Ligand SMILES: [Zn+2]
């Protein structure tokens, strides 16, 4: 009797799970998107989310099969429920610029700021309950915002996209619903410089598709671009007193870190992007100054060329590295560099990112399947010796890593996620660890492949 009750329960639960992952797109959605603009206001400890506006946009580029996000990536998650049945019909994890800002000194000093953001969901047919949740200290999602949206109401804006810049393709492999759609936007390229923009796309995308796992899965991608000019050339560089009038209002020195660039004008960016199908926005900055940034499921940003020809590989490194953040939800594996964050990874808490761990349970480390039997966890390496080599001597640092006993093995190496102790990375070197031509480590490659499959099924 007891067994049969348990069986019924198991059947019921698996039906629920099965049901939620096999939603029929056409039952709930139309193949275009709804853009929900909202504001996040607060300090380090406080946050208010408020609705700004809801718009219809012409393309839905995401999968029509994988509607529920099974990747468990991101600090936040958008969940959409059919209002009538209460059934979850869409979800998507993401990170926010606001949450990064919340860990800066300014936010810790209780200064209030407002930062805008958008959620893009497939366009619903009937009333939905739209929610935003964020992870608590235990990494569980807690609902922070909820609202009912009637897609057929007069409160939804049904305008054509504001800009009618021409959408072009660099690579087209099939329907946006079955491919990862990267949309490249120009920042600080004038009308006359669009030829440079096209050349930069070609250079950087060539490097991109030489990197595993993108090389072996190139057929899963579409790459679009929009030739939207800026009034003036270049990008703001406040430390040099340089300010230029550009399309997306990007600036170096974000959070007072010279090389960090993020926080595009969200509304302009979304309005420009609306003309194309996209899963990922990549902003190319027309500047020789080293810099960029990438936020998971928000956008990637990269500079376009190096000042010295011998450093030609560096923009390519940044280009691929930032996409690792924005697309794969990967953490920075480095720990020695100057960042603006306080307590980005609270001690002892397992981060959700697939490529770093607090190693609370070495026997069940999340990349267990890639660890060989005779590799100890934590995995020993001469960290002191490595740390004693100056940061600028990257060649010597690289060689030093190659001499380590566990070079080429997946393990758990102390140092990662901006902290020197308490966070472990999976591999000695990786595209997320050192500024070099190193490829993504096996753990990062696996994580990226999973996301590619999610979008292209
Ligand atoms: Zn890695």
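Using DSSP, restrict attention to beta bridges with both residues in the stretch 268-405 and report what percent are antiparallel, rounded to the nearest 5.
Numbers: 4 of 8 bridges.
Once the DSSP bridges in the stretch 268-405 are tallied, antiparallel ones form about 50 percent.
Quick check on the exposure proxy: order 131, 114, 43 from fewest to most C-beta atoms within 10 angstrom.
Details: 131 19, 114 11, 43 16.
Final ranking by Cβ density, sparse to dense: 114, 43, 131.
Mean separation of Cα pairs under 8 Å and 6 or more residues apart, divided by the residue count, gives the stretch 151-306 a relative contact order of 28 percent. Among 26, 387, the ranking by other beta carbons within 10 Å of each residue's beta carbon, starting with the fewest, stands as 26, 387. Treating r as the C-beta distance of residue 217 and residue 46 and R0 as 35 Å, the FRET efficiency rounds to 0.25.
Tell me, 169, 321 in order of fewest to most beta-carbon neighbours within 10 Å?
On the way: 169 12, 321 22.
Ascending number of Cβ neighbours within 10 Å: 169, 321.
Once both labels are positioned 7 Å from their Cα atoms along Cα-to-Cβ, the gap between residue 386 and residue 267 label points is 4.6 nm.
Would you mind telling me the antiparallel percentage of the DSSP bridges in the chain, rounded to 5?
Working: 57 of 76 bridges.
In the chain, approximately 75 percent of DSSP beta bridges are antiparallel ones.
Taken as Cα centroids, the stretch 409-457 and the stretch 77-105 sit 25 Å apart, rounded to the nearest whole angstrom.
Extending 7 Å from Cα along the Cβ direction at residue 361 and again at residue 173 yields two label points whose distance is 3.5 nm. Determine, from the Cβ-Cβ distance of residue 231 and residue 105 and an R0 of 30 Å, the FRET efficiency 1/(1 + (r/R0)^6), rounded to the nearest 0.05. Between residue 231 and residue 105 the formula returns 0.35. Pairs of Cα atoms nearer than 8 Å and 6+ residues apart set the relative contact order; for the chain it is 14 percent. The residue 147 and residue 192 beta-carbon pair, evaluated with R₀ = 41 Å, returns a calculated FRET efficiency of approximately 0.35.
No value in this document is a laboratory result; all are computed from the given coordinates. Everything numeric in this text was worked out from a predicted model, so none of it was measured. Reconstructed Cβ throughout: ideal geometry from the backbone, glycine too, with neighbour counts over all protein chains shown.
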